[in-house]
Structures are given as structure tokens and as C-alpha cells.
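Right, one structure below, let's go through it.
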């Protein structure tokens, strides 16, 4: 299985478990405060990982692997949408929505991520991927319907709004996905958590009990922090839309856990929506893309191995260990092989 697919599926499993567990905490923690604790847990846990890793390497960051000043606008934008606005909208919607339904509504993130990638950031797609997205949209619409022409499903719209924020986040993060995934996710967690904590205090919310705070922090590290690291690695290998497609299994993980943990009794529309979404995801998972393409000259830096796309010389003494990170130049080449819109295959069609 493609390395990027493994990263995306693991990210989906980790994040998919968040909705039902967060639902159990909402009775003890206010929504904005919970969003803050989830991201602070993510940021602090990943910061510890980052510092331990740096200590093990003698305090040295791999050359070319760390974030640069050019990355900051993309990182700040991704943090604002995905780390501040998105989680608050999710917690508000989740407070009055069954966790199983909320979990499936999170499929909207993949659809919106792909739409932005295709039509705003010009990422390639084909009819099979487009058809799959239509099926997921149909399932989402079915879940959001509340049976009245004049009834506005505000809770569902809040969750879909969170998904739009994360879709923007995903496309902005793609721009910096070649950099250190742990560093990216740690900064996003710490900044987003701190801002949400300030918003919670400003709204008059107080810290919960120690046990609830620790539970939220651990959940944030596992379902937000580790998931984001894996998601960034998947973006590096698959591109935005396809990573979002694989990530679409996350809501099914959450829905299944909701039914098992919380004993929810879903409406008939839940099962119909599940079938539509499952069909759409199957179309994504079975997609294949390959054609003759040309790589233009490219200079960048990221962790890599000396594969077919990395046949460069080193201007420093190299110990032969892989993967390694350093600035390197790709010479132009034309060839044909199966590929995805990874950091080396963002060509026009």
C-alpha cells in the first residue's frame, strides 16, 4: 500500500475517535473551553515529542526540514481557520447533535477540501473522484435534513462550517507539508489552544476539574495532535484532495464508536447516508492515475530518500543514512508512472 495512504488512514482513525469521546466531555466542559484544552493537549504533547527528538539528535534540526519565514503566512492562516474557528464551531454543533450524526457530517471536510483544492488551488481530479464527492455530498445533505422546509438545521450547519474551516486549513497546510510535520502540528496546537483558552475566559467559562482537563488534553494529543502529524505526511505524498478522500473514513470510525459507547439510536436516514458516503469513499479508494508527465526544474528541501525523483549529488559529506533532509535541486525529466499530486507531481494536465 502507498505510504501516503497509510498515513492518511491512520490519521483518519485517530481523528475519527474524537467526536464520541468529546461528546462525553461536553457535559463537564463548556464547548470553547473544550476546544482550547483539546488543542493545548495536542500542542504540549507534540512539543514534548519535538524536544525529546531534538535532544536525541544532539539539539540539531535537520537542514531544510524546519519551518522558514516564508512558511509563516500559510501556517498562521491554517492555524486561524483550523485551530481556532473550526473547533469552536464543532463543539457548538456537537453540543446539540447526536455524536453518530456529527461524525458522519464530518465527511463534509473531505468534500470541501477537494473542492478548494480543485477550483482554487488547481489540483488535478477526474470523473471518478468527482462522482465520489457527489455521493458524499448527497449523504451529508440527507443527514442535515430535519423534515421542515422552513427549519434551519443550525447544529448541522455549525459542524459543516467547522469542516469548511478545516478544508481551508488543509489546503494552506499543503503549502508547507514538506517541512517538519511535528513542528507544524505543535505550533498549530499551542497557538490555537492559547487563543481558544483566552476566548473561553473572556466568555466567562472556567477551567473544569483536573480529571476532565487531563482527559481533554490526552484526547487532544491522540486525536488532534498525532492525527495532524500523520495528515501532514499524507499531504506530502498524496496532495490535498486525495488525502481528504482517504481521511473520509474518519467519520465512520466516530459513528461506529458513538453507537457502541453512547448507545445512540440513529434515524433511518443515518443508514441511507452511510451507504451513500461509503460508495463515494470506495470510488476514491479505487482511483488510479498515471500518464507521461514532465518535471520542471525545482529547488526545495524536505526529508527524502534517493529514489527515482532524487538522483542528486551532495555538496556536503553524507553518511549514507536515509531519509535525510537538505536543500536540493531536481533536474527536468519526462517519464511515465502511476503517481499522485505529491510535492513532486503538481504539474498541469
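A few points about this structure:
- Across region 1-29, the qualifying residues are those that are under 18 Å from residue 86 (Cα atoms) and not in a helix (DSSP H, G or I), and the one among them that is modelled with the highest pLDDT is 29.
- Qualifying residue in region 102-110 (condition: within 17 Å of residue 232 (Cα to Cα) and either in a helix (DSSP H, G or I) or modelled with pLDDT under 85 (or both)): yes
- Some residue of region 302-315 being within 24 Å of the chain's Cα centre (by Cα), modelled with pLDDT under 75, within 30 Å of residue 130 (Cβ to Cβ) and surrounded by 11 or more Cβ atoms within 10 Å (Cβ to Cβ): yes
- Applying the set (1) surrounded by fewer than 20 Cβ atoms within 10 Å (Cβ to Cβ); (2) over 14 Å from the mean Cα position of the chain (by Cα) to residue 9 leaves exactly one unmet item: (2).
- Taking the listed residues 177, 223, 194, 156, the one that is at pLDDT 80 or above, within 15 Å of residue 87 (Cα to Cα), within 22 Å of the chain's Cα centre (by Cα) and buried (at least 24 other Cβ atoms within 10 Å of the Cβ) is 223, with no other qualifying.
- Failed item in (1) loosely packed, with under 13 Cβ neighbours inside 10 Å; (2) at pLDDT 70 or above; (3) farther than 26 Å from residue 117 by Cα, with residue 319 passing the rest: (2)
The values are calculated or read from the model by the stated rules, or taken from the named source; none is laboratory data. Nothing here was measured: the structure is a model prediction, and the numbers come from that model. Methodologically, a virtual Cβ is constructed for each residue, glycine included, from the backbone with ideal geometry; neighbour enumeration extends over all protein chains shown.
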